[in-house]
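**Q** Take a look at the following structure, please.
The values are calculated or read from the model by the stated rules, or taken from the named source; none is laboratory data. Just so you know, these numbers come straight off a predicted model, no measurement behind them. With ideal geometry, Cβ positions are generated from the backbone for all residues, glycine too; neighbour counts draw on all protein chains shown. Quick note on the areas: whole protein, heavy atoms, side chains included, nothing else; ligands and nucleic acids left out. Shrake-Rupley method; radii C 1.70, N 1.55, O 1.52, S 1.80 Å.
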Amino acid sequence: MRTSKHLSSAIVLALALSISFAQSAEHIAPPPARKLYHGFYYDAAIAGADDVTEHDVTKEDVRRYEDTLGKKTAWIYFSDNWFESRAFPNEMCTWIRRVGKVPYIRLMLRSDLDQNHSEKFFSLPNILAGKFDADLKCWADAAKAFGAPIMIEWGTEPNGNWFAWNGKWNGGPGEGPRRYIAAYQHIVDLMRSEGADNLQWIWHVNWFDEPEAKWNRFENYFPGESYCDWLAVSVYGPLTPRATDGLESFRYKLDKAYPRLTTLAPGKPIILAEFGCDLHHRKVSAAKWAKAAFADLFSGRWPIIVGFCWWNESWENDNYKKHNTDMIVLHDGDLMRVFRDEFAQHADKIQETAIFASR
């Protein structure tokens, strides 16, 4: 139980953060050399649902994760699904700021949670035709009024055909990536024109291209250096208990993507926005996979990477419970021990709070 002293300290911290945000700090600066930000994402399966909303994280989830693993987190990562609401998620961003974190929003203009299909409503042509400009302006105005720094991405993992903004669903080779870039730039330009300068734009790709074709390489979706402050990448191990692909090591995968990213945008900070491994795969141990991943991350093997975030999520894959995906660290004793041990051993390399700087 918290004491009154701790409660007072929390209030003072929240007030100090609010004042500092309002004065001048507009974006997150990279951490000191050889340090990494530690982000947090959490969402659990809902019985009978095909997927989860990707924004069910609570203050209690954050507290339990941090207390169990022994390290604080700098940002809270969540999805803003427009099929639920087109309003800026002010309530969620507010509690995240009050606990001393930075909101990291996945701006998801999509009609449902299903994947592997084209988008009929929030489509790239409709975005480019300005059909959502009024909504986007209202969203940007609310973000500006929020005042504090916000990390934001739109068009997550464009080189993966699971999302509707991939080129496969938008005209195919050539035309698809061009439409994505145009839509990305349209959204960023519009929000910047509203003065939402506290938004820190992050362009986020998957480590491999699916389909694996030259036209679908993530380089072809790059919107330009002026349209993103940081880059981000997803690197996963097996995603389901029975997965037969994706069994390669974390090092192998990031070694493939890292030189491509650093060549594409030299000097831009990169975050490992999403990584994880299913807890119940028959051949790959999530604990061993994570231990090897942390060993390489903390070694400085990829010096431009400035942060990481494990994908704490579980979901149903079919009607058989043993087939369900679970990547939540606190659900596995061996994985928890890996996180605690690695965080303790490399405590000096984890930047627990965000560092702010004016643009």
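**Q** Grab the DSSP H runs of the chain that are 4 residues or longer, score each as -39,500 (n - 2.57), total them, divide by all residues and round the 222 nm result to the nearest 500 deg cm²/dmol.
**A** Calculated at 222 nm, the ellipticity per residue is -10500 deg cm²/dmol.
**Q** Starting from the Cα of LYS253, draw a straight line to each of the lysines and keep only those under 19 Å, dropping any in the same chain fewer than 8 residues away.
**A** Reachable lysines: LYS214, LYS283, LYS288, LYS291.
**Q** Turning to a different aspect of this structure: Over the chain, what relative contact order in percent results from Cα pairs under 8 Å that are six or more residues apart?
**A** RCO, the chain: 23 percent.
**Q** How much FRET efficiency would the formula 1/(1 + (r/R0)^6) give for ALA145 and LYS283, where r is the Cβ-Cβ distance and R0 is 45 Å, rounded to 0.05?
**A** 0.35
**Q** Could you look at the chain and say what percent of its accessible area is carbon and sulfur, using a 1.4 Å probe and all protein chains?
**A** Carbon and sulfur together cover 52 percent of it.
**Q** Let me ask you something else. Using the charge dipole of region 27-149 (Lys, Arg: +1 at Cβ; Asp, Glu: -1 at Cβ; taken about the Cα centre), state which of SER111, MET92, HIS38 has its Cα farthest towards the positive end.
**A** The listed residue farthest towards the positive side: HIS38.
**Q** Hey, another quick one. How much length, in nm to one decimal, is gained on full extension between ASN319 and ALA44, taken as 0.36 nm per residue of separation minus their Cα-Cα distance?
**A** 97.3 nm
**Q** Using a simple charge model, +1 on the beta-carbon of Lys and Arg, -1 on the beta-carbon of Asp and Glu, nothing else, what dipole does the chain show about its Cα centre, in debye to the nearest 20?
**A** 960 debye
**Q** Another one. Less than 16 Å apart at the alpha-carbon level, and either on another chain or at least 8 residues along: which lysines does that give for LYS72?
**A** Within reach: LYS35, LYS59, LYS101, LYS349.
**Q** Would you mind telling me which residue in TYR221, TYR252, TYR37 has the biggest mean-square fluctuation in a Gaussian network model of the chain, where springs connect alpha carbons within a distance under 10 angstrom?
**A** TYR252
**Q** Using the heavy atoms of the protein chains and a 1.4 angstrom probe, tell me the accessible area per residue for region 205-356 in square angstrom.
**A** Here the per-residue accessible area is 43 Å².
**Q** If you count only protein heavy atoms with a 1.4 Å probe, what accessible area per residue comes out for region 51-107, rounded to a whole Å²?
**A** Dividing the accessible area of region 51-107 by its residue count gives 36 Å².
**Q** Could you give me the percent of Cα pairs per 10 Å distance bin for the chain, shortest bin first, beginning at zero and ending with the bin that holds the maximum distance?
**A** The calculated distribution, bin by bin, is 5, 24, 36, 27, 8, 1, 0.
**Q** Calculate, in whole percent, how much of the Cα-Cα pair population of region 47-113 lies beyond 21 Å.
**A** Value for region 47-113 (Cα pairs over 21 Å): 31 percent.
**Q** Among the chymotrypsin sites (Phe, Trp or Tyr not before Pro) in region 289-347, which ones are in a DSSP loop with at most 12 other Cβ atoms within 10 Å of the Cβ? Mind listing them?
**A** Answer in residue order: TYR320.
**Q** Further, regarding this structure: Relative contact order for region 88-172: what percent, with Cα pairs under 8 Å and sequence separation of 6 or more?
**A** Reported as a whole number, the value is 41 percent.
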